[in-house]
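Enquirer: Before anything else, here's the structure in question.
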Amino acid sequence: MIEPALELQEINSGYKGAMILHDLSFSVNPGESVALFGKNGMGKTTLLKTIMGYLPKRSGAVRLFGKDVTRVPTHRIANMGVSYAAQEQPLFADLSIQDNLGLGLTNESEFDARFTDIEQIFPVFKSRLKQLAGTLSGGEQKMLLVARGLMMRPSFILLDEITEGLQPSIIARIVEALKWEQQEHGTTMLIIEQNVPFALQVVDRYLVLKQGEIVASGEADSAESAETVLRHLRV
Ligand SMILES: Nc1ncnc2c1ncn2[C@@H]1O[C@H](COP(=O)(O)OP(=O)(O)OP(=O)(O)O)[C@@H](O)[C@H]1O
Ligand SMILES: [Mg+2]
């Protein structure tokens, strides 16, 4: 039997006085990409923060690549090859594009080797490595965020509403980048999105979260996938 890349078992999690996730269980297989949809406030960001160990699990278990990480601290989860692009702005505005991309890398040759791939996907950064990240446009900052995640050569990518506020041409670039990453490196992905067509293009399978529970799931490329997801997001 293949060990799932990510396995949640009856996770209960939330904040002081407010439980948000209720006995949530699902898994993502190695190399698989899954989209998680849900209306505002349904607990999507809470779920990613719980997986990453920013929020304590009240009960249940999380396993990553077969290892129990329920009580493992965030930095060790990141060291297992998990890249998390948070919904809140996590770039270092006062650092250059180059320094943002190089965070966590150990030397210049590692940077050069990996940037060879990145500059093909996002040519916009090629001649601008010294520009401060804070001076980039909103869309460019989102691209930099995706690029920074890819520079780490992660085994698992978690994305939280990466397309929020972006124009279609930039969204199309990000679709290409993520598909390239899947094909080239077989990277596993869990993608949180409001943009249903974008996410369904990138993933194999979708889940819909409502009041902290999974209420629908299916194959992304089935004829009725978009309609099913949108129906759940309407009601
Ligand atoms: N630090 C906090 N303390 C208390 N409640 C919180 C905290 N952060 C989030 N919540 C509540 O938890 C619920 C789930 O929030 P969460 O951010 O996970 O939703 P979401 O599905 O990501 O929504 P969105 O699509 O708007 O990003 C909301 O009701 C929110 O108000
Ligand atoms: Mg959120």
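Enquirer: Just want the ordering: Val62, Val203, from fewest to most Cβ atoms lying within 10 Å of their own Cβ.
Expert: Val62, Val203
Enquirer: Would you mind calculating the gained length between Val72 and Glu219 on full extension (0.36 nm times residue separation, minus the Cα-Cα distance), in nm to one decimal? Walk me through the numbers before you get to the answer.
Expert: Details: separation 147, 0.36 × 147 = 52.92 nm, distance 3.16 nm.
Once the chain is fully extended between Val72 and Glu219, it gains 49.8 nm.
Enquirer: Something else about it: So, counting K/R as plus one and D/E as minus one, what does the shell of residues with Cβ under 13 Å around Gln211 add up to?
Expert: Surrounding charge for Gln211 is +1.
Enquirer: Something else about it: Say each of Glu176 and Asp112 gets a label point 7 Å from the Cα, pointing the same way as Cα to Cβ; how far apart are those two points in nm?
Expert: 2.6
Enquirer: State which entries of Lys130/Lys179; Lys49/Lys126; Lys57/Lys210; Lys142/Lys210; Lys44/Lys126; Lys44/Lys142 exceed 24 angstrom in Cα-Cα distance in the structure shown.
Expert: Going by Cα-Cα distance, Lys130/Lys179; Lys49/Lys126; Lys142/Lys210; Lys44/Lys126 fall outside the 24 Å limit.
Enquirer: Using DSSP, restrict attention to beta bridges with both residues in the chain and report what percent are antiparallel, rounded to the nearest 5.
Expert: Beta bridges within the chain, antiparallel portion: roughly 55 percent.
Enquirer: Which helices count as membrane-span-like in the chain under these terms: full DSSP H, at least 24 Å along the axis by C-alpha, Kyte-Doolittle mean of -0.5 or more?
Expert: 168-185
Enquirer: Rank Pro197, Tyr54, Gly138 by how far each Cα sits towards the positive end of the charge dipole of the chain (+1 on Lys, Arg Cβ; -1 on Asp, Glu Cβ) and give me just the farthest.
Expert: The Cα lying farthest towards the positive end belongs to Tyr54.
Enquirer: Which shape class, rounded, prolate or oblate, goes with the stretch 3-95 when its Cα gyration tensor gives a ≥ b ≥ c as root eigenvalues, a/c under 1.5 marks rounded, and past that a/b bigger than b/c marks prolate?
Expert: Working: a/c = 1.39, a/b = 1.08, b/c = 1.29.
Because its axes are fairly even, with a/c under 1.5, the stretch 3-95 counts as rounded.
Enquirer: Okay, moving on. If we count other beta carbons within 10 Å of each Cβ, what is the order of Asp94, Asp99, Asp117, Asp160, fewest first?
Expert: Asp94, Asp99, Asp117, Asp160
Enquirer: Exactly which GluC sites (Glu not before Pro) in the stretch 61-169 are in a DSSP loop and have at most 15 other Cβ atoms within 10 Å?
Expert: Those satisfying the criteria are Glu88, Glu164.
FYI, it's all coordinate maths here, none of it is from the lab. What you see is a predicted model; the values in this text were computed from it and never measured. All Cβ positions, even for glycine, are placed from backbone atoms using ideal geometry, and neighbour counts span all protein chains on display.
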